[in-house]
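Worksheet: the structure to be examined is printed underneath.
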Amino acid sequence: MSTRAEAFESWIRKSFVAMNTELEKLYFALEDRTQIMGRGDPVKRQLQEEGHAFVAALLAEGNTGDGFESAFGVLGNVGMYLAALRRHELTNPAREERSPFPEASSLALHVGASLGVAPRFATSHLATHNRARAGLRKSFTSLPDEFLFIDENTRGILALQLAADALTAIVHLGVSSPVADVMFAAAKRSLEDVIRFNDRLMERLDVERFFYCVRPYYKPYRVGRQEYRGANAGDFSGINELDLLLGLCRANDPYYAQLLVDKMLFMLPADQARLRECMTHKSLLDELLELSGEHTHTDWFQRNAGAYLEVCDLFGRYAAQHQNSLVKRFIEEPSARLGAQELQGITASGPPLPVLLRSLEVLRDMRIAANRRDITTRFEDLRRLRNTIAGHPGRIPDASRPPAAGR
Ligand code: HEM
């Protein structure tokens, strides 16, 4: 890492965190926590000016870093700086046609283009590629709720990646292989871990702190002329590898294909390559359905199709938990308490909240293979497969619906 890149990194890890934390404390004490304009102006100015000096020096250096890690680190830092300026309303894409921070934009565009990723900070900067120094990882603030959010998100992402790795191994072994059992078991363990981490978030994350002090750093902002959507925990390939390998979503489904195209540049180049490769494989569900007629009564079919269905059920539980618990508790419910004006700019992706929620519901329902007529799901195919397995409990209850009273 160049001296200038290291100086910027140190500032992001110390003074930047201190200033954001000070501002968050100020805002959180306000009667209306959404009215942050004109509050803490000297600190906001200091944050902007100090960050600018590092950015201008790096831009003049014209060095996008010494290798991938360093350049990706610079992109994350300039991105976190811009995301903080957005959070403190020093920029707002709704009232501007271009970013008021041309140097930071140029630096981000230069590095992003050189790496083949979106020119903004992405989830991986704070999750899988957030390198701890003496136990301390990067963050916007030093608030315990932000650390909790970052850590549990990262654990969840790592576990989903492990599950995807395990299923990828089965593609190469063939779904009828006797040794697929260890990989199905590994995928199951990882998905159980994700569900456990998400349960912990549900229990421990403070709704108000998350909503008012953590999530605002994930809003969209402009880089140069273009507005880029915010980072979200889904910006890694593993989740889509699971969708595709389990066969619950298909890359030729126009809705899902559009989603993949839209998120490509928000992923690391290595993840982009993994996802492209994954799209060339036949799904485990399609393989099993092809084998089912002739081989249903063999031991291997019963064992492996049964294990596949257990993985599918766990993945469905994760998808339902994300939507029905996390999104509901930490986004939907607190948003419902706000007026239309205050709601503007609440989501990280940019679209109005009801639109975002509907699109997340579509994803959930594909993942739980819900019985929906308006979108394509694998409901019928999974039912067919479940019926071939002796002793399988049948379809899991529709996780998108709340349990009936008395159940
Ligand atoms: C407080 C916890 C969480 C909340 C409130 C939350 C909320 C959201 C929202 C609202 C989106 C839509 C995108 C956006 O607004 O920009 C999203 C996307 C996503 N989140 Fe979360 N999330 C949380 C934690 C997690 C965790 C821990 C994981 C992974 C283990 C995760 C995985 C995903 C994925 C994969 C997507 C992309 C859409 C998809 O493919 O499902 N989220 N999340």
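The values are calculated or read from the model by the stated rules, or taken from the named source; none is laboratory data. On a predicted model such as this, the values are computed, not experimentally measured, just so you know. A quick note on method: Cβ atoms are made from the backbone with ideal geometry, for glycine too, and the neighbour counts reach across all protein chains shown. In case anyone asks, the SASA skips ligands and DNA or RNA and just uses the protein heavy atoms, side chains included. Shrake-Rupley method; radii C 1.70, N 1.55, O 1.52, S 1.80 Å.
Rounded to the nearest 0.05, what FRET efficiency do Asn371 and Ser15 have when you use their Cβ-Cβ distance and R0 = 56 Å? Write down the numbers at each step before the final one.
Values: r = 54 Å, r/R0 = 0.97.
For R0 = 56 Å, the calculated efficiency reads 0.55.
With n ≥ 4 as the cut-off for DSSP H runs, can you work out [θ] at 222 nm for the chain, using -39500 (n - 2.57) per run divided by the number of residues, rounded to the nearest 500?
Working: 17 runs with 237 residues, N = 407.
That comes out to -19000 deg cm²/dmol.
Take the alpha carbon atoms of region 53-91, find their center, do the same for region 234-276, and report the distance between the two centers in whole angstrom.
Using only Cα atoms to place each centre, the spacing works out to 27 Å.
How big is the gap, in Å, between the Cα center of region 117-173 and the Cα center of region 304-341?
19 Å
Computed FRET efficiency, Cβ-Cβ of His297 and Asp199, R0 45 Å: what is it to the nearest 0.05? Mind showing how you got there, number by number?
Details: r = 39 Å, r/R0 = 0.86.
E between His297 and Asp199, to the nearest 0.05, is 0.70.
What does the extension gain come out to for Glu49 and Arg384, with contour length at 0.36 nm per residue minus their alpha carbon separation? Walk me through the intermediate numbers first.
Numbers: separation 335, 0.36 × 335 = 120.60 nm, distance 6.24 nm.
Extra length available between Glu49 and Arg384 comes to 114.4 nm.
Taking only protein heavy atoms into account and a 1.4 Å probe, give the accessible area per residue of region 82-123 in Å².
Values: 1440 Å² over 42 residues.
Solvent-accessible surface per residue comes out at 34 Å².
Taking 0.36 nm per residue of sequence separation and subtracting the Cα-Cα distance, how much length would be gained by fully extending the chain between Ala29 and Asp206, in nm to one decimal?
On the way: separation 177, 0.36 × 177 = 63.72 nm, distance 1.54 nm.
Between Ala29 and Asp206, full extension yields 62.2 nm more.
Among the complete DSSP H segments of the chain, which ones combine at least 18 Å of alpha-carbon extent along their axis with a mean Kyte-Doolittle hydropathy of -1.0 or more?
Length and hydropathy pass: 15-28, 41-61, 68-87, 102-115, 144-173, 180-204, 299-321, 353-367.
Over the chain, what percent of the accessible surface lies on carbon and sulfur atoms, probe 1.4 Å? Before the final figure, lay out each step's value.
Working: 9540 of 18080 Å².
About 53 percent, which is the carbon plus sulfur part of the accessible surface.
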